[in-house]
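What follows is a set of notes on a single structure, which appears directly below.
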Amino acid sequence: MQPGMLLDIFSVVFHPAAFPSIPGESIPTLAAWLLWAYSLILITGLFPRR
């Protein structure tokens, strides 16, 4: 697990302090985007370099 993943958990949980301009209804979209971005990073690590 990357340190950024751990910190993103807290940034989503405490979203009013971390992202005050994002309304509460948009937090599931933010969490989905973070999950997609980190999964893309982790999947690309599975492919060997040439």
Two-site label geometry, PHE47 and PHE19: point separation in nm, points 7 Å out along Cα→Cβ: 2.7 nm
Accessible area (Å², per residue) of the chain, counting only protein heavy atoms and a probe of 1.4 Å: 86 Å²
Helix 27-44 axis, angle to the chain major axis (alpha carbon atoms, nearest 10°): 10 degrees
Share of carbon and sulfur in the accessible heavy-atom surface of the chain [1.4 Å probe, %]: 73 percent
Cut-off 17 Å, label 7 Å out along Cα→Cβ of MET5, residues of segment 14-50 by amide N: 31-47
Interatomic Cα distance distribution for the chain, bins of 5 angstrom, percent: 5, 18, 26, 20, 13, 8, 5, 3, 2
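The values are calculated or read from the model by the stated rules, or taken from the named source; none is laboratory data. Since the structure is predicted, the reported quantities are computational estimates derived from the model, not experimental observations. Reconstructed Cβ throughout: ideal geometry from the backbone, glycine too, with neighbour counts over all protein chains shown. When the accessible area is computed, the model is the full protein with side chains, heavy atoms only, and any ligands, DNA or RNA have been set aside. Shrake-Rupley method; radii C 1.70, N 1.55, O 1.52, S 1.80 Å.
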